[in-house]
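Encoded as structure tokens, the structure appears first; notes follow it.
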Amino acid sequence: MSTTQSERLRELLAPLVSARELDLEEVEVTPAGKRRVLRIVVDSDEGVQLDTCADLSRDISAKLDETDVMGGTPYVLEVTSPGADRPLTQHRHYVRATGRLIKAQLAEGGELVARIVSVDDEGVDLEVPGVKGRKPTARRLAFGEIAKARVEIEFNRKSVQQENEPEKAADIHDDIQDEIQEEA
């Protein structure tokens, strides 16, 4: 039996979230003056629509009204999706960020800004942007080499289709695989 309020909330709300084919990312209760804020963060491979959050919020509210898990202190319920610059902490986060630019703090020190090309069970294949007119380079990072990572927000990036390079991601993945084989 779980003991913390967040664990009890997670157990109670997980089936409601799963029923909408969403992932329960975070359950957080924080004080806010005389009230508390119950923040539920959900996500999916396709993202989360505002209407979905609203519907789920109503379901969660009804379920919480049936129980005493929040106690007698007033609270505000907030159901949301992760922010654009969310930390990447699980395999599915990296998969969902494929094609996006990330900033990774490396376990051995240092920092790397690169675009995720592909993800597998062991790590990520990246495209490191070239500096001063140089071509981008391919790099492979195992998940164990990454201390922290987060998506970098890009305002002016053209989509791969706009750049007329739909094969680019596959080519980079092939280049990385070739480099890995050469090193072996």
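Decide, for region 77-164, between rounded, prolate and oblate: order the square roots of the alpha carbon gyration tensor eigenvalues as a ≥ b ≥ c, take rounded if a/c falls under 1.5, and otherwise choose prolate if a/b is larger than b/c, else oblate. If you can, show how the numbers build up before the last one.
Values: a/c = 1.70, a/b = 1.16, b/c = 1.47.
Oblate.
Considering only T80, L56, G33, whose Cα is most displaced toward the positive end of the charge dipole of region 1-146, charges sitting on Cβ of Lys, Arg (+1) and Asp, Glu (-1)?
The listed residue farthest towards the positive side: G33.
Just check region 1-60 against the gyration tensor rule for me: Cα atoms, a ≥ b ≥ c as the square roots of the eigenvalues, rounded for a/c under 1.5, and otherwise prolate or oblate depending on whether a/b exceeds b/c.
Note, shape of region 1-60 comes out oblate.
Using a 1.4 angstrom probe with every protein chain in place, what is the largest-first accessible-area order of T52, T89?
Highest to lowest solvent-accessible surface, that is T89, T52.
What figure in square angstrom, to the nearest 10, would you give for the accessible area of R100 with a 1.4 Å probe?
Spelled out: R100, probe radius 1.4 Å, area about 90 Å².
Can you send over the carbon and sulfur percentage of the accessible area for region 1-88, probe radius 1.4 Å, protein chains only?
Here it works out to 47 percent.
Pairs K34/K63; K34/K103; K63/K148: which are spaced more than 28 Å apart, C-alpha to C-alpha?
Over 28 Å apart, Cα to Cα: K34/K103; K63/K148.
Spin-label point model (7 Å from Cα, Cβ direction): what's the S6 to K63 distance in nm?
Result: 1.8 nm between the two label points.
State the extension gain, in nm to one decimal, for the chain segment bounded by V29 and V131, taking 0.36 nm per residue of separation less the distance between their alpha-carbons. Provide the component values of the computation, followed by the final result.
Working: separation 102, 0.36 × 102 = 36.72 nm, distance 4.37 nm.
Residue separation times 0.36 nm, minus the Cα-Cα distance, leaves 32.3 nm.
Sort Y94, Y75 from largest to smallest accessible area, using a 1.4 Å probe on the heavy atoms of the protein chains.
Y75, Y94
How much length is gained on full extension from A14 to A147, taking 0.36 nm per residue of separation minus their Cα-Cα distance? Could the numbers behind the result be given before it?
Details: separation 133, 0.36 × 133 = 47.88 nm, distance 2.79 nm.
Once the chain is fully extended between A14 and A147, it gains 45.1 nm.
Quick one: accessible surface of E152, probe radius 1.4 Å, all protein chains present, in square angstrom to the nearest 10.
About 60 Å², ignoring ligands and nucleic acids.
The values are calculated or read from the model by the stated rules, or taken from the named source; none is laboratory data. Predicted model only: the values in this text are computed from it and were never measured. So basically every Cβ, Gly included, is an ideal-geometry build from the backbone, and we count neighbours across all protein chains shown. Calculation scope for accessible area: heavy atoms of the full protein, side chains included, ligands and nucleic acids excluded. Shrake-Rupley method; radii C 1.70, N 1.55, O 1.52, S 1.80 Å.
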